[in-house]
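Single-structure report; data block below.
The values are calculated or read from the model by the stated rules, or taken from the named source; none is laboratory data. This is a predicted model, so every value here is computed, not measured. Virtual Cβ from ideal backbone geometry, glycine too; neighbours counted across all protein chains shown. Heavy atoms of the whole protein, side chains included, go into the accessibility calculation; ligands, DNA and RNA do not. Shrake-Rupley method; radii C 1.70, N 1.55, O 1.52, S 1.80 Å.
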Amino acid sequence: MTLKKFFKYFIYSILLAFIILLINAYARGYFFNFQEEAINFGINFMFTVVLTAVNQWWFNFISKYYDWETHTVGRLIFGALGSIILTMIALFVCYIIVVLGFYQKSLEFFWANQSAEYYWLGLIITVIVSLIYHAVYFYRLSLNKKVKEQKVIARSATAQFDALKSQLDPHFLFNSLNVLVSLIEENPKAATKFTTSLSKVYRYVLEQRNKELVTINEELQFARTYVNLLKTRFENSIEVIIPNEASNPDAQVVPLSLQLLLENAVKHNVVSDTKPLLIEIFEDGDMLAIKNNLQPKQVVKRSSGVGLNNIASRYALLSNRKMSIDKQDDNFRVNIPIITEKETIMNTVENTSVEDIKLIKAKSRVADIKGLYDNAFRSAAILIFLCAVNYFTSDFPWIIFPTVGMSIGLIYNYANVYDYKIPLGKEWENRKIEQLMNDKNF
């Protein structure tokens, strides 16, 4: 446990011990003298420390096997049952320590003076604290989820912008137009064919720029069209080996990745009659490999790696698997993952239009409203149960305390969902989201 957490639990235990002291005094109708109340406070403090430690350990333990997102019901049932059982055991042990150790009474005295009210009070306080703990936990989870959604939108927009910027390379267009001008004078038929291929390349770029994935066969077909342009420009100085089709017709890759890698190979290597460039595209297990012989240009400026980073960032939005680079003395190889099914880490946004952002916000708002209704029904069910327990076990109306606590929580939840100005409301949430999105270490 970190020092910060220890200090937090210490403060919580002091507050709970003081609250228990006030409840006991209210139930009696008077306070004892200062010395007796100080002793009672110390005993209450011991109880709260033990109960806090036991329940915190249980929550951490059960979370390893039942997380809230995928095992919500199981986490709620086993978490509640385990917390109740451990609380009862911890209360029993604490009472034995106090009676036998502190007050030096006999075991017979301990059994003769057992009262269900002692255990009910400890259990009720534990339930209330647990509800507050989980309310705070769910609020933080909701906030983190919204931050991730906004971050996905930002990352997707950045990746797609970089992809479009890289794929519509002005140098490629400039070189292609120069080739076209020379072909118009020398070979009009070849110029027509070249123009058709160039239009297909840019049409494919525009069609695929907002897609997350395309089939390998689509990419291979596009690569052939792109290679035709390169061969028109470099003639026999470049050779590209491309398979006819993928082994799995449903296999997918990030769109325009082959074009970026082919362009990258041409951009950074010497392509001439004396040093022809050989590029090979092939499948290697669950990866699609693009390999070329290495004959780097003698340039002072080093590569920025924008093209490779662009592919890597788009894969990071879709899958846990990563692109890999293998550079040898005589060849350079890039392996990109083949995705047979959508391996999304989170709900990725296909494009970043206003309608998509509205859809995400609408889903988030509906989830918040549904959460409010769920909290209201859950709170009502718990209060009915506690009210019945109070009626049959005690004349003291302790049900007032959880009722007030839950009511405050529901009012706060309602105000937060419907955008009423409250401390740490929507405005604070939006500022916090913006702050975290701008945090490079987040």
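At a glance:
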| item | result |
| --- | --- |
| Under 5 Å, built H, 5+ apart or other chain: amide partners of residue 271 | none |
| Point-to-point label distance, residue 92-residue 394, nm (Cα→Cβ direction, 7 Å offset) | 2.1 nm |
| Rounded FRET efficiency, nearest 0.05, which uses the C-beta distance separating residue 320 from residue 41 and R0 of 41 Å | 0.20 |
| R0 of 51 Å, Cβ-Cβ distance residue 284-residue 76: FRET efficiency to nearest 0.05 | 0.65 |
| Heavy-atom surface of the range 173-268, accessible at 1.4 Å and reported per residue (Å²) | 51 Å² |
| Sparsely packed GluC sites (Glu not before Pro) within the range 51-124, loop by DSSP, other Cβ within 10 Å at most 15 | 69 |
| Protection proxy ranking of 28-40, 92-104 - average other beta-carbon atoms within 10 Å, highest first | 92-104, 28-40 |
| Karplus 3J(HN,Hα) series, Hz, for the range 280-285 with 6.51 cos²θ - 1.76 cosθ + 1.60 (x for Gly, Pro) | 10, 10, 7, 8, 9, x |
